[in-house]
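Beneath this line is the structure, given in structure tokens, with notes to follow.
The values are calculated or read from the model by the stated rules, or taken from the named source; none is laboratory data. Everything numeric in this text was worked out from a predicted model, so none of it was measured. For neighbour counting, all protein chains shown are included, and Cβ atoms are generated from backbone atoms with ideal geometry for every residue, glycine included. Note: accessible area is taken over every heavy atom of the protein model, side chains too, but ligands, DNA and RNA are not part of it. Shrake-Rupley method; radii C 1.70, N 1.55, O 1.52, S 1.80 Å.
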Amino acid sequence: MADIFGIPLPVLAGQLLIGLFNGAFYALLSLGLAIIFGLLRIINFAHGALYMMGAFAAFLLGEWFGLPFWILLVAAPLIVAIFAAAIERGLLTHLQGLDPLYGLLLTFGIALIVEGLAQYQFGVAGQNFSPPSALSGASNLGFMIMPHYRAFVIVVSLIVCLATWALIERTKLGALLRAATENRPLVEAFGVNVPLLLTATYAFGAFLAAFAGVMAAPVFQVSPLMGSNIVIVVFAVVVIGGMGSIGGAILTGFLLGLIEGLTKVIYPEASNIVVFVIMAIVLFFRPSGLFGKTA
Amino acid sequence: MSDLLEIRDLHGWYDESHVLHGLSLSVRPGETVALIGRNGAGKTTTLRAIMNLLSRREGMIRLDGADLMNVPRHRVAYHGLGYIPEERGIFHSLSVTENLRLLPQIGTDGMTEADIYRFFPNLKERGRAGGGTLSGGEQQMLALARVLRTGPKLLLLDEPTEGLAPVIVQSIADMLRKLKEQGMTMLLVEQNFHFAKSLADRFFLIENGRIAGSFARDEFDAHASQITEVVGV
Ligand SMILES: Nc1ncnc2c1ncn2[C@@H]1O[C@H](COP(=O)(O)OP(=O)(O)OP(=O)(O)O)[C@@H](O)[C@H]1O
Ligand SMILES: [Mg+2]
């Protein structure tokens with residue numbers, strides 16, 4: 001069997017796949033955070049809770065109505081997006097013009113309430129959620145065993161991320177979003193309904209988070225604290241990538257997943273902290289992040 | 001003839017700082033009015049007040065008979081306003097073409113893109129370039145062009161010639177003169193008197209957030225001493 005740096009190829013390839021798989025979630029989550037921060041100037045601490053809500057919405061809709069996974073994958077994030085739109089309209093909109101700290105505190109409070117309610121209702125134990133049968137099983141690629149569901153998540157996440165990137169960088173709607181990110185009052189004075197754009201943007205970021213949550217449900221257990229576990233790493237990813245950049249958020253998400261996976265093979269003890277070590281190093285040399293604008 | 005724009009006893013604030021102190025002015029249809037005054041007098045603030053860009057304002061602003069005071073910021077333009085801000089407001093994260101097409105249509109008789117490119121051939125050549133890569137003159141042309149595309153009734157121009165080379169000032173003057181011939185109404189803030197005199201029908205002198213005087217173009221020379229005193233040239 002071929003070795004690379006003394007590591008058997010199947011082990012290395014397997015860990016890289018897991019790294020990419022985790023990176024798929026980092027990318028979807030940090031992408032949403034970056035879009036929300038860009039336009040609303042809110043560091044959305046509720047992002048992990050929205051991710052968790054996506055998983056629970058899928059789990060409950062599946063339990064109650066027996067809906068197939070493919071429908072849940074869209075329906076659950078839509079429900080969470082509507083919830084997020086209500087949060088933006090009802091609460092976040094009142095923070096306009098205030099210090100970003102207020103947004104951070106408010107969304108943190110929302111996360112605590114949502115997670116608290118979920119714990120009250122479901123307890124801390126995880127619920128099982130089965131992957132669709134079409135995606136169960138694995139293929140032997142010769143140099144590694146590839147579980148179908150993981151490959152599916154990586155590919156779908158990549159497609160969703162690239163589609164989001166194209167939406168923002170290549171369409172009229174995206175141009176409005178970019179312009180409003182640069183100079184919100186002016187875009188509003190030109191006749192663009194910026195308040196609506198803010199709500200839609202927050203809801204879209206929430207959709208991405210919940211979408212990630214649904215995809216996570218079959219692999220990680222559905223539990224009230226699943227969001228707060230992952231979101232800490234995601235915030236580190238966002239800091240490393242730099243807050244302002246859409247492409248940067250996607251790339252950094254996948255990259256850090258890979259680095260984490262690689263660390264698991266080379267020096268497993270460090271795999272839980274490698275992201276934070278990289279964050280410290282990046283902050284030292286480039287405080288605005290790898291892709292952030294220096295300003 | 002009734003006024004297109006009528007401002008009465010306008011007060012305006014930036015947070016706690018009270019900048020406009022009961023300013024009144026009017027612009028008739030088809031007229032070009034220049035607002036002149038020294039740095040910090042409140043010229044930019046007046047235009048920002050019209051666009052509902054201040055944190056607080058009081059008084060009366062009417063456009064074509066409609067009260068603008070209670071119109072939300074994102075609806076103001078639809079009353080027929082085209083705003084060219086002092087800092088030009090070109091979006092750097094957008095290409096030139098994206099900047100040009102960004103603004104929603106507010107009137108029915110906006111310039112077509114073909115018309116715009118005939119006036120400003122540079123904008124076509126540089127279409128794919130980033131907004132931030134344009135020269136000052138090109139940015140000013142783009143700021144004007146994108147507003148003309150929307151079909152406004154009244155242009156608010158904040159120092160369109162500031163910091164531009166004489167040739168470019170000349171071509172902007174030509175452009176505005178052509179618009180004026182076509183019947184466009186303009187409220188112009190301008191420090192360049194030569195430029196203002198060549199274009200404006202009427203002048204308002206602004207001092208400390210109030211109107212200190214107004215006169216027609218042919219009275220400009222007769223008011224030279226007052227202008228010198230208020231504007232401090
Ligand atoms: N964003 C702001 N916050 C607080 N005060 C401001 C702000 N912008 C302008 N001011 C103050 O309001 C007053 C009027 O400023 P304004 O920009 O309207 O002057 P102006 O006549 O356009 O001057 P200039 O010829 O320099 O452009 C000035 O005293 C200025 O310091
Ligand atoms: Mg000014």
Helices (runs of 4 or more DSSP H) fully within segment A:183-249 counting 2 or more residues that are farther than 17 Å from A:F25 by Cα
A:184-189, A:194-216
Pairs please, first residue from segment B:14-33 and over 17 Å from B:K153 (Cα atoms) and in a loop (DSSP other than H, G, I, E, B), second anywhere and open to solvent by 60 Å² or more (accessible area, probe 1.4 Å) and within 16 Å of ligand 1 (Cβ to nearest atom), Cβ atoms under 6 Å, 6+ apart in sequence or on different chains.
B:D15/B:S55
Tell me, which residue of segment A:169-183 that is facing another protein chain (nearest Cβ under 10 Å) and among the hydrophobic types (A, V, I, L, M, F, W, C) is surrounded by the fewest Cβ atoms within 10 Å (Cβ to Cβ)?
A:A175
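When you check B:T44 against the structure, is it under 30 Å from B:H223 (Cβ atoms), within 19 Å of the chain's Cα centre (by Cα) and within 13 Å of ligand 1 (Cβ to nearest atom), yes or no?
yes
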If we scan segment B:64-77, do we find a residue that is more than 10 Å from ligand 1 (Cβ to nearest atom), away from chain A (no Cβ under 14 Å), surrounded by fewer than 22 Cβ atoms within 10 Å (Cβ to Cβ) and in contact (Cβ under 8 Å) with a residue 60 or more places away in the chain?
yes
Scanning for something among the β-branched types (V, I, T), more than 16 Å from ligand 2 (Cβ to nearest atom) and either crowded, with 22+ Cβ neighbours inside 10 Å or modelled with pLDDT of 95 or more (or both), does segment B:13-21 turn up at least one residue?
no
Can you name every residue in segment B:140-171 that is more than 15 Å from ligand 1 (Cβ to nearest atom) and open to solvent by 30 Å² or more (accessible area, probe 1.4 Å)?
B:M141, B:R149, B:K153, B:A165, B:P166, B:V167, B:I168, B:Q170, B:S171
Filter result (over 16 Å from the mean Cα position of the chain (by Cα) and under 15 Å from B:L187 (Cβ atoms)) within segment B:48-103:
B:R62, B:D64, B:L68
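Residues checked against (1) within 16 Å of ligand 2 (Cβ to nearest atom); (2) in a strand (DSSP E or B); (3) assigned by TED's automatic domain parsing to the domain that holds B:I211:
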{"site": "B:T46", "(1), (2), (3)": "yes, no, yes"}
{"site": "B:L53", "(1), (2), (3)": "yes, no, yes"}
{"site": "B:I61", "(1), (2), (3)": "no, yes, yes"}
{"site": "B:M69", "(1), (2), (3)": "no, no, yes"}
